[in-house]
Amino acid sequence: MSLPNIDELLDKVDNKFTLCIEMAKRSRELADYFKAKKNMERTNIIAPLASAGSVDPLEIAFNEIKEGKIDYLRVKDGIK
């Protein structure tokens, strides 16, 4: 598994915690997508947006973030 440099990914988000959450959510979606595809089930999950050369959901999520194909929406700033 070839993962990009973390500094390249931190340019796309505001901090490393946001990056971790964004990668975790997208990799779970991709894992569900591949599971449904394997079982020939219909799903409304978006297919991989970046070609990673493998079916590893985490690697694909890294590449999608690196290429700027997915983004996040912050709904709450935090406790004031």
_Looking only at the range 14-42, and only at residues there that are loosely packed, with under 14 Cβ neighbours inside 10 Å and in contact with a Lys or Arg (Cβ under 9 Å, 6 or more places away or on another chain), the one that is farthest from Leu58 (Cα to Cα)_ = Glu41
*asked:* Can you tell me which condition Met1 does not meet? The list is (1) within 23 Å of Val75 (Cα to Cα); (2) modelled with pLDDT under 85, and all the others hold.
replied: (1)
*Just need a number here: residues in the range 25-79 that are over 22 Å from Val13 (Cβ atoms), of a type in the set (Ser, Thr, Tyr) and not in a loop (DSSP other than H, G, I, E, B).*
1
*Under 7 Å by Cβ, and 6 or more places apart or on different chains, what pairs join a residue from the range 31-57 that is closer than 22 Å to Gly68 by Cβ and at pLDDT below 85 with one that is surrounded by fewer than 14 Cβ atoms within 10 Å (Cβ to Cβ) and basic (Lys, Arg)?*
Ala50/Lys69
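The values are calculated or read from the model by the stated rules, or taken from the named source; none is laboratory data. Note that the structure is a prediction, hence the values are computed from the model and not measured. Don't worry about glycine lacking a Cβ; one is built from the backbone with ideal geometry, like all the others, and counts go over all protein chains shown.
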